[in-house]
1. In the range 367-403, what chymotrypsin sites (Phe, Trp or Tyr not before Pro) fall in a loop by DSSP, with at most 15 other Cβ atoms inside 10 Å?
2. Checking the table Lys597/Lys663; Lys403/Lys736; Lys463/Lys750; Lys463/Lys796; Lys602/Lys694 against a 26 Å threshold on Cα-Cα, which pairs fail?
3. Which whole-number value in Å³ per residue fits the convex hull of the alpha carbons of the range 552-661?
4. If I take R0 = 45 Å and measure r between the Cβ atoms of Asp564 and Arg130 in this structure, what FRET efficiency does the formula 1/(1 + (r/R0)^6) give, to the nearest 0.05?
5. Residue separation times 0.36 nm, minus the C-alpha to C-alpha distance between Leu726 and Ala594: what's the value?
6. Calculate what fraction, in whole %, of the accessible area of the range 407-534 sits on carbon and sulfur atoms when a 1.4 Å probe is rolled over the protein chains.
7. Roughly how large, in nm² to one decimal, is the mean projection of the convex hull of the alpha-carbon atoms in the chain?
8. P(r) for the range 98-146, please, calculated from all Cα pair distances in 10 Å bins and given in %.
Amino acid sequence: MRAILRFFLWSAAIIVIAVGATLWWFIYRPLPQLDGSIALPGLQKGVIVERDNWGVPHIRANSVEDMVEAQGYVMAQDRLWQMDLLRRIARGQLSEILGPATLNVDKQFRTFGFARAAERDLALMDPASRALFDAYARGVNHFIEQHRDQLPLEFSLLKYKPQPWQPTDTLVISGYMYQTLTDTWEEEIDRAKVTDRVGGERARELFSPDAAMDHFVVGDPNVANDGSQRSRVNSDDDDDDDDDDMEPDGVLKASAATAHANPADSSPDLTSALATSVNEFLEGSRRELRHSLGSNNWVVSGAHTATGKPLLANDTHLELSIPPIWYEIHLTAPGWDVKGFTLPGAPLVVIGHNDRITWGFTNNGADVQDLYIETFNPSAPDEYRVNGKWVKAQLFDELIHVKGQPDEHLPLVITRHGPIVRREDGKSYALRWTATEPGGLSNVYNWLGKTQNWEEFRSVMKKIWGPAQNAVYADVQGNIGYIMAARVPVRKKGHGEVPVPGDKDDYEWTGYIPFDQLPQALNPDSGLIVTANARVVGPAYKPYLTDRWEEPYRTARIYDLLHDKHDLRPTDMLQVQTDTYSYPHVFLADQLSAAAKISPPKDDRAKKLIDGLKDWNGIADADSPEVSFLVAFRRAALALILEPYLGDQPNLYRWRTTTFLQKVLTDRPAKWLPPTYKSYDALLAAAADRAVSKLTQDSNSSRIEDWPWKRFNSLEMLHPIGREGLLKKFLSISNKPQSGTSYSVRAATKTHGPAMRFVANPANWDESILLITAGQSGQPGSSHYSDQFPYWYEGKPIFAPFTDAAEAKTRKHSLTLTPAH
């Protein structure tokens, strides 16, 4: 027995040692060096990298190029695999490392042509910008070269090594963000289908840009001084066809060659299982963003604050993933002292503050994509019609390398408008997009960190192509402002809301809206500017931006919480960012309660839930079954109204759906009441019954007690390869109850929400709040992999020191990067 016991003890010890050694090798050994010194070829002088107790680096350099080279190195220390994943997505090179599961994603991004656009834009870049992009790439590549045998866990699991970083990789990641924020072409096809089915008159109501709860930043005829800065409000001198100079040949032409990386091993392995996870992650992200995109920003003047100086708040709502999409950093060099958020793979800072100004963004939604229906020659498939003549299309063969399988060939057809992105019902749709116009990927927001005042801020914003953002601004002088800057097309005819004929010049772009005619405001009388993806321009603003605005409810709630306050502090801004009140569900609760008195639902569970709404305060609490019921009820009521026209495809209609529903239920027009129902009260009763049936189906339970909102909306913050099993437990954060709906300021859905929170305090920069969803590091062995999550999840502040004295108190690591010749 002693021998057996010794055997088991020795076996257990060996297993423990083996497991420990494995964990150390794959998880802790790749962790980067944070103290001491490292030689970095390319630096002109030494660079100091200090990290605080959250792992946020402060890079101090003697030149901007050294600063950016060090930034590339430091970001690779923390996020190399995420950077590699993003560039592979944008280049259409996932299948090289993941196999055939991601072929559809690769084909889509190859069709968009970001890789070719990036090569062209890099060649067009001014020397100073090119030098910084080269410096950033050098920094990333030095890290890759030094750590080829100590790569992060994901590289080991997927059995490949990263290729050198190219300056164009940064540009293609800009393309990825364009795709995330401006990709609406499929909705244009759906809008045409809906219009065909419901008719023109009903379509005008379905796609109306008007909403009773909108708060316009500029162009409100009822506001005497909204601070408009030459934004064309009430301007009768200009017509809608004014335009800036435009490249005469704006359509990107395909290239015959496509660079690729060679995976170290093409044999079947764990990759096949992980590829499915990555593909599901990308597809889920794409669907979620399309239907739930939302961000908030606002700025208040000193008249509303405790210090007499402005406060600015921003929380961008994107896919919630680990690692987070944002990275915090502080950069110092001659002419630069900026702290804030940047994207993995991008130099400088995108959102943040320096010692003079601060700024933040929400997506504007300006329509920068148009679909053209091309007519091809039946006798010569490579010819399409232009003004009565057959013209040769460009045909290219994109070669996609697929791990474990033969290469895949993707034929591309490119017309004068752009690539053919879909063939359906005998129609061929070509996509024109500002992202792939010359300069579209290179003129982005990273240069704002150097500006010192409003005029300098405007000067940089004027050069920006997009993606179109609502920028709010504040400075230490007490100014607050707003600018929407982007290249927004001016069309000869129409607005590009639906696909248009491409065989003539009737719908061509004639230029872009001039910068001075884009919406801008400085120091409005209200002392308050709020944007939350809803409509920002009123009827007095003439140029067409879009009519595809998001719902107005978050904007309205923020206004209600702030407009009459005069003692605001940074923590008050954070409290607004985490507010979970849901305006439209309060409206629906009132409608349903009134309707039930006249036409009660048949299901007793619906009656009980309606009765419970009498005391509901509008807060979408995670434990509330009534919130689950109202969310299901909204969908059911909308579907019942639209089914006579859209049948079992009510999701073809993706617009301001709740605004439309609110207007119909308020006005109760006979034209929208389905003939099946005698009254709207009867329709609401039927929707209530359908809602409880849906909750029963989705929960596999008929008990109301099993329908708390957290059961349907718990947080799933997933790593791309951590969607199931042990990897999910190890790499992801899941099944966390959360309050709020997509209409709350907090904008909470299962995998989508505030990807960062930022509150800037020009009265004392050291009391600004910066935090991200998980942590700075993408390596699970790091103490900074998810250390910020409890603060983000619970809505608590992380104050981010800015001055040297304040940062010294939180300094934890100091690394010197020295020139190596």
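The values are calculated or read from the model by the stated rules, or taken from the named source; none is laboratory data. Please read these numbers as outputs of a predicted model, since none were measured by experiment. Reconstructed Cβ throughout: ideal geometry from the backbone, glycine too, with neighbour counts over all protein chains shown. What goes into the accessible areas is simple: the full protein's heavy atoms, side chains included, and nothing from ligands, DNA or RNA. Shrake-Rupley method; radii C 1.70, N 1.55, O 1.52, S 1.80 Å.
1. none
2. Exceeds cut-off: Lys403/Lys736; Lys463/Lys750; Lys463/Lys796.
3. 138 Å³
4. After rounding to 0.05, the efficiency reads 0.35.
5. Values: separation 132, 0.36 × 132 = 47.52 nm, distance 4.93 nm.
Extra length available between Leu726 and Ala594 comes to 42.6 nm.
6. Roughly 45 percent, rounded to a whole number.
7. On the way: hull surface 158.6 nm².
Averaged projected area of the chain's Cα convex hull equals 39.6 nm².
8. Over the range 98-146, the share of Cα pairs per 10 Å bin runs 21, 29, 36, 13, 0 percent.
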